[in-house]
1. Can you spot a residue in the range 127-139 that is over 18 Å from the mean Cα position of the chain (by Cα), within 22 Å of Ser240 (Cα to Cα), open to solvent by 10 Å² or more (accessible area, probe 1.4 Å) and not small (Gly, Ala, Ser)?
2. Considering only the range 72-112, how many residues are of a type outside the set (Val, Ile, Thr) and either part of a loop (DSSP other than H, G, I, E, B) or in contact with a strand residue (DSSP E or B) (Cβ under 6 Å, 6 or more places away or on another chain) (or both)?
3. Tell me whether the range 238-247 contains one or more residues that are surrounded by 14 or more Cβ atoms within 10 Å (Cβ to Cβ) and over 23 Å from Cys82 (Cβ atoms).
4. Based on what the data block shows, is Asp24 of a type in the set (Asp, Glu) and either closer than 19 Å to Asp173 by Cβ or out of contact with any strand residue (DSSP E or B) (no Cβ under 9 Å at 6 or more places or on another chain) (or both)?
5. Which of the residues belonging to the range 150-175 are part of a loop (DSSP other than H, G, I, E, B) and in contact with a strand residue (DSSP E or B) (Cβ under 6 Å, 6 or more places away or on another chain)?
6. Listed residues Ala136, Ala187; which is of a type outside the set (S, T, N, Q) and either part of a strand (DSSP E or B) or without any contact (Cβ under 8 Å) to a residue 12 or more places away in the chain (or both)?
7. Test each condition in (1) modelled with pLDDT of 95 or more; (2) under 30 Å from Gly110 (Cα atoms); (3) surrounded by 15 or more Cβ atoms within 10 Å (Cβ to Cβ) for Lys324 and report the one that comes out false.
8. Provide a single number: the residues in the range 134-167 that are within 15 Å of Leu298 (Cβ to Cβ), modelled with pLDDT of 95 or more and not aromatic (Phe, Trp, Tyr).
Amino acid sequence: MKLSFSAMRNLGISAFCAAGVPEDIASCVTDALLLAELDGMPSHGFSRIPFYVDQARSGKVKADARPAVTRPAPATVLVDACNGYAFPAIDAGLKAAAPAAYEYGVAALGIRRSHHCGMLGHYAERMAREGLICLAFSNTPSAMAPWGGKSASFGTNPLAFGCPRGETPIVVDMSLSKVARGKIMNAKQKGENSIPEGWALDKDGNPTTDPEAALKGTMVPMGDAKGAALALMVEILSASLTGSNHAFEASSFFEAEGPAPGIGQSFILLDPGKMNPDFPQTLERLVTHILGQSGTRLPGARRFALREEKKAGDMELPDALYEKIVARGGKM
């Protein structure tokens, strides 16, 4: 299916509204998923809608939850997502935390009782476009074993970094597994019989190229033992720090039944000008040195170029996915 941007947006919003999600929340969630589609990341885009909608219908996600924002300390913001979608909770939290970062030079934001937050780098990018350095962390339901173990203790646990740089920020966005688990889920949904070797292990800890066996097993951490250590760090910062469920305590993002995942996210916002008034010039010396070398680019540059290219034309949606969204009340 080839759809215009507005048709895609209407399709998503209507599917959520049909499940009892208020229109403003439906718009917030759909816009986040649309941005992932524009950035060429369908694993974090509309492929999530059937799962999100089914969980709203079952009550696993509280469809009409409104985030509760508190200020435990002058430069600290805590948001209870109330087992609703993550997107409105993070939006509310960043809106409260950014002014504190401008005032104090640094602010911390924690989100608890949350859900899948899509592409974490989008929040880092948003803050960077507002002049703040942003570090972002999220845990996810169990997917990776500690190095040397077989039972998943961590999620794929993405982290992101955003840095202001004129009109084009520097954005680093990565999960700590070699690939996002959503890519394996996409392979299964498309009926593909294999995934690349090195992505995942089966339930017995053996390498596998079978998507079904991979989803029943664990993901391979990026950088092996170093990646597992970073996953532990993200788990502590996003779940332990915010009082959320750890990965091994959280339910699946892909199953309609069961308790809410209740995971967490955390953000650190920094105003670079408070520490270095000449930050833009200092940063540009580094950027010039990097880009002066043939074949180099800054993180995020390819994604921004793809986004602009896709905005100019129709967007593609697999037929099977379109039918699933329509079956859940989606209309163009």
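1. Within the range 127-139, none of the residues are over 18 Å from the mean Cα position of the chain (by Cα), within 22 Å of Ser240 (Cα to Cα), open to solvent by 10 Å² or more (accessible area, probe 1.4 Å) and not small (Gly, Ala, Ser).
2. Number of matching residues: 24.
3. No, because not a single residue in the range 238-247 is surrounded by 14 or more Cβ atoms within 10 Å (Cβ to Cβ) and over 23 Å from Cys82 (Cβ atoms).
4. yes
5. Selection gives Ala152, Thr156, Pro158, Pro169.
6. Numbers: Ala187 fails: either part of a strand (DSSP E or B) or without any contact (Cβ under 8 Å) to a residue 12 or more places away in the chain (or both).
On inspection, the qualifying residue turns out to be Ala136.
7. So the condition that Lys324 fails would be (2).
8. Residues flagged as within 15 Å of Leu298 (Cβ to Cβ), modelled with pLDDT of 95 or more and not aromatic (Phe, Trp, Tyr) within the range 134-167 amount to 5.
The values are calculated or read from the model by the stated rules, or taken from the named source; none is laboratory data. Fair warning: this is a prediction, and the values are worked out from it, not measured in the lab. Note that we place each Cβ from the backbone using ideal geometry, even for glycine, and neighbour counts take in every protein chain shown. SASA here: full protein model, heavy atoms, side chains in, ligands and nucleic acids out. Shrake-Rupley method; radii C 1.70, N 1.55, O 1.52, S 1.80 Å.
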